[in-house]
Every structure is written in structure tokens, then in C-alpha cells.
Amino acid sequence: MNRYDSAVLRSFLEEKGHRWTDDVVDADLIIVNTCAVRQHAENRAIGRLEELVSLKRKQPDKKVGIIGCVAQELGEKIFKKIPTLDFVVGTDKISAIADIIDGTAERKVYTDIDEKFYGLASPPHIEDGDFSAFVTIMRGCDNFCSYCIVPYVRGRERSKPPQKIIDEIKLAAERGVVEITLLGQNVNSYRYGDIDFSKLLEMVAQIENIARIRFITNHPKDFSKKILDVVEKYRDKIPASFHLPLQSGSDKILAAMNRKYTISQYLSIVEDIYRRFPDAIITTDIIVGFPGEDENDFLQTITALNEIGFGGIFAFRYSVRNGTKAAKLKDNVPETEKIARLNEIIKLGIRLAQKYSKKQIGTIQKVLLGNISKKNPEFITSTAPSGRVVLIPRREFFKKFVDVKIEKASTWVLWGKPIIFHNKPF
Ligand code: SAH
Ligand code: SF4
């Protein structure tokens, strides 16, 4: 989501006559877009800003500012840590950057909440040759999972008008983009008038030249059969690839997290997915060491992960976020135990990912061609419908999609050979 917001901000500033540079020394303005979801991300952002403001010693005219969730969360307080910072702009006030640059801004800190803010009107910057793009369909979150800072820093849930989304995607398609990823903290709760997420997905699937559609993130409490119906109807365009964060395999912990589903409800969604799409890939997020998580709760998570057979697991150590409900609970899992549990889940995640990848050997998959691999220049990087990277021998292609037979697999990467060649452009 931050990558999308940064791409929009770039277009917004370019429309105002500013120019992009990749070089921080050359830049008159440096903006750091930040994530506050875990303390670690926040610390990294602050560390990076400290490095960048040190450039101002030799270049006093250079402006350095912070935007995003850490800006929204800490506001004025950031100046205590970094006194020479020029500005702090929160999630709803991003347009203030234009005045800050022009020198017409009245303040250095803009963190007011604007519940009606749908994002800047500019379309996100798309690099020449980009074939894949993100499109945010909603902002904010109303779920208040007890550990999570997002509802506090990104505000109430707002669904972007469907026409705005469709126009943005059409524009991206004109620039050569063929793959779209719809983004939202909980895309399943998208609603604008009588357009819900399944309807929106169908509208996107009908856009000419958009050949592949992904969406993140799903929430088990809102995931509906209607979504699976649309995926089934547009199988060729919408891969059966679902990121469905479980967070924990213990009902006790799920309730304490305010996730609003039980493990058996989650399992019935998974069953439904695999019944309708036997080759589906499901990936997930897990938090270990949430307050009150005992050995038994953790074992239930391990059991659930094995049973579901995820194609990928993103595992996190619980991080206390100020202002959240869980911050009031006693953080009673010792740090060493949290690390041990995290390592166990990571190892299991690798085993399950390997198992999924190995199963792909011998299958034929329609992959989306990318660029020449930086690590292995004799290969072209492409992506399978599942999202797995597929390396194929380098040669000239005239299409964006090719059918590839998978011959080899490591944990996250597959190797394959094209089986059909068409010499007409896509
Ligand atoms: N809206 C999405 C993503 C939220 S952030 C969702 O609900 O899935 C991405 C992931 O970060 C979450 O799924 C969760 O696993 C993790 N996360 C969020 N807050 C956290 C915290 N305080 N400590 C550790 N992990 C956290
Ligand atoms: Fe955070 Fe829960 Fe909202 Fe995801 S759904 S952003 S985890 S509050």
C-alpha cells in the first residue's frame, strides 16, 4: 500500500513540475514513506531518516520529511528524535506536501484526520515497461484487531468509487499493464453503494487487456462464496490464489485478537476453496507470542498450518503497538520463547512452501513474462498464476503470457520451458 501511495505522490509532484531523481544527494526533497505495523518497521524508518537528515549538514537547502503511518502515529514527537526534520505529513494530508515544497505551508506537521479523503486524484506513476500495477480500492480499516495500529493511523474504512478504480485500471492498461493487484486492508469488505467486492472484481475482470487480477488482503470473517463464484467465472483472469491471514490456530487467541472467526470457520472456507479449485494456493499471516499464547495455543497453530497446507506463510513476532487494545494486556510471552516459536513457524513455512512448489513439477502453467533475471541473466523472470516466480531460458518472446512446463522447483522459485510459441504480438 505504501508503494502505491508513493507512486501516486510521485505523479502528483510531477504534475506540479517537479522531477524524480534516484540519487539522494542530488535530490532537493526527500520523502520517507513509513510503516508502523511493527516496532521494527518503525525503527528502521527512523534510522533511515536520521541518515538522510545528516545530508542537510552539507546541503542546508535540502528538505527531508516523513509521511505514512509513523508520521500519523508520532506527529510532533518525531522532532524530539530528529530535530532537523523539515516536515511530518500524516496519511490523510498528503496533498499538503505541495505547499510545503512551494514554501507556502503554514505548518510543519499535518496529521489531521479527514475521513472523506480517498487519496490524491493523480494516477500512480507507472514505469515504462511495467506490466504489473497496484490499485488501492479502499483506505483505512474498521476491524480493530486488538494488536493492530492500522485503524488508528489510517483511519476509518472508505471504499473508493468504482468508476475511479476502473478509470485508473484502464489508464494503466493503456500504458501496457496487464496484471492488476487490488489493494485494501480488507478487500472483502469493499462496498460502494450496491457494489460489493465480488461485483467490483467482476467489473475489473471485464476490462479489456487486463489479463490477470490479484487482490490482497482477504479477511476470513468477510470472505464470501460470491467472491469464489467470480473467481470461478473468470478462472483464466483471476488465479485461485488467496492470501487469507489466519493469525493463530487457537480459538482463545483469535477471540483475544478480535478476529471474529473460529478455526473451524476458517477451515470451512479453506475446504470450499480446495473443493472448487483443487490447484488453489492459499497463503497466510501468523503472529506468534500474542499475550496469553501458551504452549497449547501454539501447538494448535502448528496443527492448523500442517492441516491446511499453505503455499506460503508470513510469520511475525507480536509487537506491542501503543494505543491498541492488546497494549493493555500483559505481554507475558518471554522474548526468547517468541523467537523460538517464530523460528519454528518459519521452518514449517519453508517446508510447506517447498512441498507446494515441488507439486508444480510436471504441470503446465500460463506465466506472465517479466524482465531478464538479475541473478541469472540467462533466464527470464516470470510469474505463475499462483504468484510463484518462474525462471525460463532467455529468448525473444512476442507475447506477455506463455505456457510453460515446470521442470524444477526450489522453495519459492520454479524453473520451466515454454511449450507453445506464438509469433504474434499479444
Ligand atoms: N489488513 C491486513 C494486513 C495488516 S498488516 C490483514 O488484516 O491481514 C499485515 C500483517 O502484519 C497482519 O496480518 C499481521 O499478521 C501482522 N501484524 C499486524 N500488527 C502486528 C503486531 N502488532 N505485531 C506483529 N504482527 C502484526
Ligand atoms: Fe489490522 Fe485487522 Fe485491519 Fe488487518 S484487518 S489492518 S490486521 S485491524
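Laboratory data are not the source of any read-out in this text; all were calculated from the coordinates shown. Only a predicted model underlies this, so the values are computations on that prediction, with no experimental measurement involved. Because the Cβ atoms are built from the backbone with ideal geometry, glycine has one as well, and the counts that use them run over all protein chains shown.
Of all beta bridges that DSSP places with both ends in the chain, some 40 percent have antiparallel geometry. Summing Lys and Arg as +1 and Asp and Glu as -1 over all other residues whose Cβ lies under 13 Å from the Cβ of residue 337 gives a net charge of -4. Here the contact order of the range 1-126, divided by its residue count and restricted to Cα pairs under 8 Å and six or more residues apart, works out to 29 percent.
Each Cα pair under 8 Å and six or more residues apart adds its separation to the average, and for the chain the resulting relative contact order is 10 percent. Decide, for the range 276-408, between rounded, prolate and oblate: order the square roots of the alpha carbon gyration tensor eigenvalues as a ≥ b ≥ c, take rounded if a/c falls under 1.5, and otherwise choose prolate if a/b is larger than b/c, else oblate. Because a/c hits 1.5 or more and a/b exceeds b/c, the range 276-408 counts as prolate.
For residue 109, the amide hydrogen comes within under 5 Å of the amide hydrogens of 88, counting only partners 5 or more places away or on other chains and with H modelled in the peptide plane. Taking a ≥ b ≥ c as the square roots of the eigenvalues of the Cα gyration tensor, the range 114-159 is prolate, since a/c reaches 1.5 or more and a/b is larger than b/c. Between residue 36 and 69, 70, the built amide H atoms are under 5 Å apart, and every one of these is 5 or more places off in sequence or on another chain. Can you classify the range 2-110 as rounded, prolate or oblate using the Cα gyration tensor, where a ≥ b ≥ c are the square roots of its eigenvalues, rounded means a/c under 1.5, and otherwise it's prolate if a/b beats b/c and oblate if not? Since a/c stays below 1.5, the shape of the range 2-110 is classed as rounded.
Where in the chain is the longest stretch that carries no GluC sites (Glu not before Pro) classed as loop by DSSP and with at most 14 other Cβ atoms within 10 Å?
209-377
Charges were assigned to the Cβ only: +1 to each Lys and Arg, -1 to each Asp and Glu. The resulting dipole of the range 309-426 about its Cα centre is roughly 160 debye. Taking the alpha-carbon centroid of each part, what is the distance from the range 79-118 to the range 335-379 in angstrom? Using only Cα atoms, the two centres lie 40 Å from each other. Around residue 314, which amide H atoms from residues at least 5 apart in sequence, or from another chain, sit under 5 Å from its own amide H, with H modelled in the peptide plane? Residues meeting the amide H criterion: 284, 285, 286. Coupling constants for the range 396-408 follow from the phi torsions by the Karplus curve (6.51 cos²θ - 1.76 cosθ + 1.60, θ = phi - 60°), and in residue order they are 8, 10, 10, 10, 8, 10, 9, 7, 10, 8, 6, 10, 8 Hz; glycine and proline get x.
Considering only beta bridges that DSSP places wholly inside the range 87-236, some 25 percent are antiparallel.
Across the range 38-190, Cα pairs under 8 Å and at least six residues apart give a relative contact order of 20 percent. 3J(HN,Hα) couplings calculated from phi for the range 128-141 with the Karplus curve 6.51 cos²θ - 1.76 cosθ + 1.60 (θ = phi - 60°) are, in sequence order, 4, x, 5, 10, 10, 9, 8, 9, 6, 9, 7, 10, x, 7 Hz; Gly and Pro show x.
Measuring from each cysteine beta-carbon in the chain, the ones with no other cysteine beta-carbon under 4.7 angstrom are 35, 69, 141. If I model the chain as equal point scatterers sitting on the Cα atoms and use the Debye formula, what is log10 I(q)/I(0) at q = 0.07, 0.13 Å⁻¹? Treating every Cα as an identical point scatterer, log10 I(q)/I(0) equals -0.37, -1.33.
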